[in-house]
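Notes follow once the structure below has been shown.
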Amino acid sequence: MGFNNLDDSREGIDKFLKRNPDTSFVSEENGVLTGVILAGNDGRRGYIYHMSVSEAYRRQGIGTKLVDTCLSALEKEGINKVALLVFRYNEAGNAFWEKQGFALREDIAYRNRTLCEMIRIDT
């Protein structure tokens, strides 16, 4: 499940990209958008916020290339550790991130608080 809100709007993504101009990437083939990764950092830790590869282009190495490119960009910015969140029920996503070397942390209780009304949707 996710949240449908202004952060995922064109304006929200534009704001994010202006704040993180060198760590988010897209993949395209013959003018078709095939994948995207949105990442940034707080000066200390890197965070991958979203990554998606179009279903028709999965299992072709696009996701791995996006992750590698993103991690290299974060490393160039002096970031040594990168985190991300994946829903527990997202078996394919969890398998992908495990394959990319991202370890599962079971010692953390993730908490969040919304500051405006949001509509929760399945993703």
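Okay, here's what the table says:
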item: Potential extension, ASN30-LEU115 segment - 0.36 nm per residue separation minus Cα distance; result: 26.5 nm
item: For the chain, the spread of Cα positions along each principal axis, largest first, Å; result: 39, 32, 31
item: The chain - mean residue ellipticity at 222 nm from DSSP helices (-39,500 (n - 2.57) per run, n ≥ 4, rounded to 500); result: -8500 deg cm²/dmol
item: Nonlocal amide H pairs with GLY35, under 5 Å, H built at 1.01 Å; result: SER27, SER54
item: Gaussian network model of the chain, springs between alpha carbon atoms under 10 Å - residue of ALA56, ALA103, ALA83 with greatest fluctuation; result: ALA56
item: Nearest-10 value in Å² for the accessible area of ILE62, using the 1.4 Å probe; result: 30 Å²
item: The chain: relative contact order in percent, alpha carbon pairs under 8 Å with at least 6 residues between; result: 28 percent
item: Rg/Rh ratio calculated on Cα atoms of the stretch 65-120 (Kirkwood radius); result: 1.04
item: Heavy-atom accessible area ranking, 1.4 Å probe, most first, across VAL53, VAL32; result: VAL32, VAL53
item: Full-stretch length increase - ARG10, LYS99 - with 0.36 nm per residue and alpha-carbon distance subtracted; result: 28.9 nm
item: Sum of side-chain charges, LEU104 neighbourhood, beta-carbon under 14 Å (Lys, Arg +1; Asp, Glu -1); result: -1
item: Set of the stretch 32-55 residues, backbone N closer than 13 Å to the point 7 Å along the Cα-Cβ line of ALA92; result: 52-55
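The values are calculated or read from the model by the stated rules, or taken from the named source; none is laboratory data. Quick caveat, the model's predicted, so the values are computed rather than measured. We place every Cβ from the backbone using ideal geometry, glycine too, and count neighbours over all the protein chains shown. These area figures cover heavy atoms from the full protein model, side chains too; ligands, DNA and RNA do not enter into them. Shrake-Rupley method; radii C 1.70, N 1.55, O 1.52, S 1.80 Å.
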